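Here the structure comes first, spelled out in structure tokens, and everything after it is commentary.
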């Protein structure tokens, strides 16, 4: 199922739960995605960190997000020039924790798994994908996790710490 259908289904279920008109789900979903696409949110120090890391490493994005939304958000944040590849689950057909999404990115970057580090904000989904792909994983802990399970060995809480780690 394409992710745009998943997004639409989420709104259909929400409307059904709230007793609303479920026929509005498609329009609400599109409006939400259109607005989300314009968001260029960045972590503090993001551009500086990407500039520095980009001098030493090949950078890519791997996301379970909707292709048009993720690409638009990178553009809105003015971050797209930093990344050699952007791999979305919608475009490649694999979603984390399936390791094949990381394999697509590795092929695009011309890297072997042992040459890469995957930085993600979900230790279960991102960490599992990295482990299955044979890629080192670093958890970007932004304080949003519930703490279930064992924390990954490599953990940072801000981009400066990530830069220091790498």
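Would you mind calculating the relative contact order of the stretch 42-149 from Cα pairs under 8 angstrom and at least 6 residues apart, reporting the percent as a whole number? Don't skip to the answer; put the middle values down first.
On the way: 148 pairs, mean separation 21.9, N = 108.
Result for the stretch 42-149 is 20 percent.
Quick check: the angle from helix 46-56's long axis to the longest principal axis of the chain, C-alpha only, nearest 10 degrees? Tilt relative to the chain: about 40 degrees.
Highest-first packing order for the peptide set 137-143, 124-130 is 124-130, 137-143, based on the mean count of other beta carbon atoms within 10 Å.
With the gyration tensor restricted to C-alpha atoms of the stretch 46-165, the semi-axes of the equivalent ellipsoid amount to 20, 18, 15 Å, longest first.
When each of the peptides 15-21, 108-114 is scored by how many other beta carbons lie within 10 Å of its residues on average, the order from highest to lowest is 108-114, 15-21. Can you tell me the 0 to 90 degree angle between the C-alpha axis of helix 67-76 and the longest principal axis of the chain, rounded to 10? It works out to around 60 degrees. Going from the residue with the fewest nearby Cβ atoms within 10 Å to the one with the most, 75, 96 rank 75, 96.
Neighbour counts of C-beta atoms inside 10 Å place 22, 144, 88 in the sequence 144, 22, 88, starting with the fewest.
Here, each number is a calculation from the coordinates, and none is a lab measurement. In this text, all values refer to a predicted model and were calculated from it rather than measured experimentally. As a convention, Cβ positions derive from the backbone with ideal geometry for all residues, glycine included, and neighbour counts pool all protein chains shown.
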